[in-house]
Every structure is written in C-alpha cells, then in structure tokens.
Amino acid sequence: FNHYAYGSVGAWMYSDLAGINTDEDAPGYKRILFAPKPGGGIDSAEAEILTPYGKASISWEIRNDEFSCTVEVPVNAQAALILPGDGSQKNLGSGSHSFKQSLI
C-alpha cells in the first residue's frame, strides 16, 4: 500500500466509513472525533487506530433500522461521537461506550 491510490482507500475506510478522526483543536488524538458514515449498502464496520494515548476503536452496525455502535476512548483522551441520522453529539471520556439509535 505504498501508493496513493491504495493508501487513500485505507484512509477513507477508517476516517469516513468507520469514522475515526482527530479534532483540529486538540491534535494528536487528545480529542477523537468518531463520526461514522454508513451508506452504500454497507451495514457494518469496525476500525482501530493506535494513538499516543492508546487504542481508539469503533465498531458499528445497522440491523432492523437500528444503528448501534461501541467506541473505545484511550486513557487521558476525550472523544465526541456524532451519530448518523440526526447528527446528535455525545461527549465521551476514556473507556468503552455503547449507543443505539433508531434510524426510522
């Protein structure tokens, strides 16, 4: 994957599809933005990235018109989860967090 064409697909998978991003106001994954973007017939995704604070991960799926996800925020980091559909935002501290939301 040492060519832009391959690397850009990988970056799209974890930053757009899975939704793991940095916050420009807190660089270096001090604050992580989880903003998954389901669509295109894809009904589940999971990704993790090793940050300076530890592992950050997300796993989401859509089943029976319900979006569910679990995110892991590393110690000494913060996160925001932006839910698809209504765009509501949940501010999170370190640890594991699970959410469900109806898409209807």
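Can you tell me which residues in region 76-90 are farther than 24 Å from residue 39 by Cα and surrounded by fewer than 18 Cβ atoms within 10 Å (Cβ to Cβ)? Answer for region 76-90, where residues must be farther than 24 Å from residue 39 by Cα and surrounded by fewer than 18 Cβ atoms within 10 Å (Cβ to Cβ): 76, 78.
Figure legend. Inter-residue proximity from region 8-33: first residues open to solvent by less than 50 Å² (accessible area, probe 1.4 Å), second residues assigned to a helix (DSSP H, G or I), beta-carbon distance below 6 Å, spacing 6+ or different chains. Indicated pairs: 20/14; 21/15.
Of all residues in region 80-104, those that are part of a loop (DSSP other than H, G, I, E, B) have Cβ atoms under 7 Å from Cβ atoms of residues that are modelled with pLDDT under 90 and small (Gly, Ala, Ser), 6 or more apart or on another chain, in 103/85. Under the condition of being in contact with a strand residue (DSSP E or B) (Cβ under 9 Å, 6 or more places away or on another chain) and of a type in the set (Phe, Trp, Tyr), which residue from region 1-30 is modelled with the lowest pLDDT? For region 1-30, the residue satisfying everything is 14.
Considering region 34-45, and only residues there that are under 17 Å from residue 81 (Cβ atoms) and more than 8 Å from the chain's Cα centre (by Cα), the residue that is most open to solvent (accessible area, probe 1.4 Å) turns out to be 37. Taken over region 50-71, the criterion of being over 24 Å from residue 102 (Cβ atoms), part of a strand (DSSP E or B) and open to solvent by 30 Å² or more (accessible area, probe 1.4 Å) is satisfied by 50, 55.
The values are calculated or read from the model by the stated rules, or taken from the named source; none is laboratory data. Since the model is a prediction, treat every value here as computed from it, not as a measurement. We place every Cβ from the backbone using ideal geometry, glycine too, and count neighbours over all the protein chains shown. The accessibility values were calculated without ligands, DNA or RNA, using every heavy atom of the protein model including side chains. Shrake-Rupley method; radii C 1.70, N 1.55, O 1.52, S 1.80 Å.
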